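Notes to accompany the following structure.
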Amino acid sequence: MKIIVAIKQVPERDAQVRINAAGKWIEEVDLQYALNESDAYALEEALQLKEKHGGEVTVVSAGPERVGQTIREALAKGADRAIYVASNDLGSRDALGVARLLAAAIQPENPDLILTGLQSEDLGLGQTGVILAEVLGLPHASLILHVEKTETGLTVKRELEEGWFQTIELPTPAVLTIQSGGNKLRYATLMGIKRAKIKEVRQVTASDLGVDVPPVVLMEGVTMPHKQKSTQMLGGSPKEAAAALVEKLKFEVRVL
Amino acid sequence: MSGVLVVVEQHAGRIARISWEACAAAQHLGAQLSLPVSAVIVGAQVEAQISEVAARGLPRVARIEHPLLAQYTADGFTLALEQFVKAEQPDYIVFPHTYQVRDYAPALAARLGQVLISDVVAIGDGPVFTRQLLQGRLNGSYRHVGTGPCIISVQAGAFRAGETEKCAAEVTVVSPTIDPTQIRTKPGEPFRGSSQTVDLGSAQLIVSVGRGIKDAANIPIVQELATALGAELAASRPICDNGWLPMERQIGSSGQTVSPKLYLAVGISGAIQHLVGMKGSQCVVAINKDPDAPIFEVADYGIVGDLFEVVPALSAALKAAKG
Ligand SMILES: Cc1cc2nc3c(=O)[nH]c(=O)nc-3n(C[C@H](O)[C@H](O)[C@H](O)COP(=O)(O)OP(=O)(O)OC[C@H]3O[C@@H](n4cnc5c(N)ncnc54)[C@H](O)[C@@H]3O)c2cc1C
Ligand SMILES: Nc1ncnc2c1ncn2[C@@H]1O[C@H](COP(=O)(O)O)[C@@H](O)[C@H]1O
């Protein structure tokens, strides 16, 4: 099976968030980056499918140069090769613009299966995979936890709300957006890290792909959410804060 | 038609409650822009639900019906609504942000040359739409700049489904053209996950642990706190994804919904998918090292600090208090 996995580099979860001077996004200087969580699960699913059925796993990522580090990480975990879509202005594209860029990079590969993460941790659009399917004219299923190859295509397990699930059958080629938790994630081995250095990373630029369309939705700026609720903060040393909380639980909340 | 169109969601004959919040958002938008608001509901037979929708003070309600829409598929719903939107030409389309909407509204928008502004939490003059970024740590303001319909989905809990004046809605029935070959996926019936042996729904006291705990080996620290308090132990999704606690202890949109007297969140950031599962709690206490963590937005009491120091101190203080 020929599988493409779209991976996105996002700010590390514990990173300090400060708004940049233009008020358009967060300050990126000194920011640490990581592989988006659900993309890690998408990669894991792809690697397991390859181990079962053979084939090839290619990762594709669009973004500025720093994205190369995340691509190497995916190669170290076992992806065979990568397509890097060099782009410094992703922020000025809307979700359709990014999906068109990825679609143009993926299309010549003729994959059997395209996996994306369910949702990015920074923009949290939860859309790119579904739009990608539409742009490529392929069927899709979202919120997927397990993928099984069948005679005619795929059987997938889809998460529904409140602990319900559903099975969906669909033909290939198809696009699936992967939800976290379906598999146990692997770590890169030392050997994997070594091998990653010599794996192919093909670079294309947004202008090579020729998909410059004006956005229809613009993010105009960002702000820190203002607190609506007044939380009683209990300060002091851990011991003092703990003692204060016990008092509150006893006399105000009355649960002790 | 020009105006605001709200898409009401139903499952097996019952209207999803968040649909009423989408109606409230649509009515807010309609009032702001002096535009009429109408509703649409999609399915095979939605006649029984239509009176409920019509009672929401909407002058016009449409039923899109087709046998191929009996079970939800992204292909079927996209086709049906594409045809309806092209015929009606609404200025705004408002969806509730459900798993179903996530699955097809982005494709519908793309087919119309548009982009869904997903998960909207507030609508300001302009209109400018606010949605959360970085899992609730930042807000972004979005504007629709193209021609054609502006399409949004609204986050659960952001708009209050209020009482509206009843009025007799004009109901129309629409039959889209759908060919069976256009539906490429075959959905199965919904089924329940693992057997649920713990019912956290009736627990009075809950200690809930998140990724701040860092490692499976540290879980006993919060287990001890739960025991000292006489509480049930619960968790955020990543803890269950990693297999550190069983799935049935997960709180949130894809786990259990709880409303205890006390919910003590330890090392949980407070992403919306977690909050929807616990915000009915009578009292929320949060322990987190990040003073800006969104969990403090719903907390009655907060301790900013390292859980590895605060939690053992709290366990000790509780044991002492209980004697
Ligand atoms: C469709 C969908 C469904 C989802 N369903 C659910 C669901 O049902 N339930 C759910 O929980 N999530 C769900 N999620 C995931 C959700 O979006 C968040 O990713 C998740 O809730 C984050 O979990 P967390 O708060 O434990 O981890 P993080 O967001 O990583 O937060 C960890 C927190 O710990 C704090 N911390 C770190 N170290 C320490 C320390 N030493 N002391 C004190 N504090 C510390 C950090 O400041 C941070 O705030 C869903 C997501 C999607 C897209
Ligand atoms: N710049 C990008 N490069 C590669 N993949 C991306 C990019 N942006 C989004 N994706 C993919 O689309 C998924 C959903 O992203 P989003 O729609 O932003 O929530 C991510 O988890 C990735 O798999």
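For the reader, a short list of remarks on this structure follows.
- Restricted to region A:91-199, the set of helices (runs of 4 or more DSSP H) holding at least 2 residues that are at the interface with chain B (Cβ under 8 Å from one of its Cβ atoms) comprises A:95-106, A:128-136.
- Subset of region A:236-248 [more than 7 Å from chain B (Cβ to nearest Cβ) and either of a type outside the set (D, E, K, R) or more than 23 Å from B:Gln204 (Cα to Cα) (or both)]: A:Gly236, A:Ser237, A:Glu240, A:Ala244
- Any hit, region B:197-212, residues being in the same structural domain as B:Leu314 (by TED's automatic domain parsing), within 12 Å of ligand 1 (Cβ to nearest atom), open to solvent by 40 Å² or more (accessible area, probe 1.4 Å) and of a type in the set (D, E, K, R): yes
- Test result for B:Gly136, touching a helix residue (DSSP H, G or I) at 6+ places or on another chain (Cβ under 6 Å), outside the structural domain of B:Ile15 (by TED's automatic domain parsing) and within 16 Å of ligand 1 (Cβ to nearest atom): no
- The condition (being of a type in the set (S, T, N, Q) and touching a Lys or Arg at 6+ places or on another chain (Cβ under 7 Å)) is satisfied by just one residue among B:Ser34, B:Ser38: B:Ser38.
- When the residues of region A:215-227 are filtered to those that are closer than 20 Å to B:Ile287 by Cα and at the interface with chain B (Cβ under 7 Å from one of its Cβ atoms), the one that is surrounded by the most Cβ atoms within 10 Å (Cβ to Cβ) is A:Pro225.
- Filtered by the rule that a residue be part of a loop (DSSP other than H, G, I, E, B) and small (Gly, Ala, Ser), region A:1-25 gives A:Ala15, A:Ala21, A:Ala22, A:Gly23.
- Residue match in region A:33-45 (condition: assigned by TED's automatic domain parsing to the domain that holds A:Glu134, farther than 25 Å from B:Arg211 by Cα and of a type outside the set (Phe, Trp, Tyr)): no
- Subset tally (residues that are surrounded by 19 or more Cβ atoms within 10 Å (Cβ to Cβ) and either in a helix (DSSP H, G or I) or more than 7 Å from ligand 1 (Cβ to nearest atom) (or both)) for region B:305-323: 8
- Remark: pairs (first residue in region B:40-67, of a type in the set (D, E, K, R); second residue exposed (fewer than 15 other Cβ atoms within 10 Å of the Cβ) and part of a loop (DSSP other than H, G, I, E, B); Cβ separation under 6 Å; 6+ apart in sequence or on different chains) = B:Arg56/B:Thr164.
- Qualifying residue in region A:153-163 (condition: open to solvent by 10 Å² or more (accessible area, probe 1.4 Å) and hydrophobic (A, V, I, L, M, F, W, C)): yes
- Of residues in region A:69-92 being open to solvent by 30 Å² or more (accessible area, probe 1.4 Å) and more than 10 Å from A:Ala206 (Cα to Cα), the one farthest from ligand 2 (Cβ to nearest atom): A:Asp80
- Exclusive hit being more than 9 Å from every other protein chain (Cβ to nearest Cβ) and under 30 Å from B:Pro127 (Cβ atoms), set A:Asp212, A:Asp208: A:Asp212
- Failed criterion for B:Ser254 (all others in (1) open to solvent by 60 Å² or more (accessible area, probe 1.4 Å); (2) within 30 Å of B:Tyr301 (Cα to Cα); (3) among the polar types (S, T, N, Q); (4) free of Cβ contacts under 8 Å to residues at least 24 places away in the same chain hold): (1)
- Condition check for B:Asp241: within 16 Å of ligand 2 (Cβ to nearest atom), facing chain A (nearest Cβ under 9 Å) and either open to solvent by 10 Å² or more (accessible area, probe 1.4 Å) or closer than 23 Å to A:Met233 by Cβ (or both): yes
- Complete set of residues in region B:249-300 that are more than 10 Å from chain A (Cβ to nearest Cβ) and either in a strand (DSSP E or B) or under 16 Å from the mean Cα position of the chain (by Cα) (or both): B:Ile251, B:Val258, B:Tyr263, B:Ala265, B:Val266, B:Gly270, B:His274, B:Leu275, B:Met278, B:Lys279, B:Gly280, B:Asn288
- When region B:166-194 is filtered for residues that are free of Cβ contacts under 8 Å to residues at least 24 places away in the same chain, open to solvent by 80 Å² or more (accessible area, probe 1.4 Å) and away from chain A (no Cβ under 11 Å), only B:Thr181 remains.
- Residue, nearest to ligand 1 (Cβ to nearest atom), within region A:129-152, restricted to residues that are open to solvent by 40 Å² or more (accessible area, probe 1.4 Å) and touching a helix residue (DSSP H, G or I) at 6+ places or on another chain (Cβ under 6 Å): A:Glu134
- Counted residues, region B:96-141 - those being open to solvent by 20 Å² or more (accessible area, probe 1.4 Å), part of a strand (DSSP E or B) and hydroxyl-bearing (Ser, Thr, Tyr): 2
- Residue in region A:12-33 that is open to solvent by less than 30 Å² (accessible area, probe 1.4 Å) and touching an Asp or Glu at 6+ places or on another chain (Cβ under 6 Å) present: no
- Residue in region A:38-54 that is outside any helix (DSSP H, G or I) and either within 9 Å of ligand 2 (Cβ to nearest atom) or within 23 Å of A:Asp208 (Cβ to Cβ) (or both) present: no
- Applying the criterion of being more than 23 Å from B:Arg102 (Cβ to Cβ) and within 8 Å of ligand 1 (Cβ to nearest atom) to the residues of region B:269-304, the residue that is surrounded by the most Cβ atoms within 10 Å (Cβ to Cβ) is B:Ile287.
- Here B:Tyr142 fulfils each of the conditions (1) without any contact (Cβ under 8 Å) to a residue 40 or more places away in the chain; (2) under 18 Å from B:Leu29 (Cα atoms); (3) in contact with a Gly (Cβ under 7 Å, 6 or more places away or on another chain) apart from (3).
The values are calculated or read from the model by the stated rules, or taken from the named source; none is laboratory data. Note that the coordinates shown come from a computational prediction; the quantities given were computed from them, not determined experimentally. Cβ: placed from backbone, ideal geometry, glycine included. Neighbour counts: every protein chain shown. We work out accessible area using only protein heavy atoms, side chains counted, and drop any ligands, DNA or RNA first. Shrake-Rupley method; radii C 1.70, N 1.55, O 1.52, S 1.80 Å.
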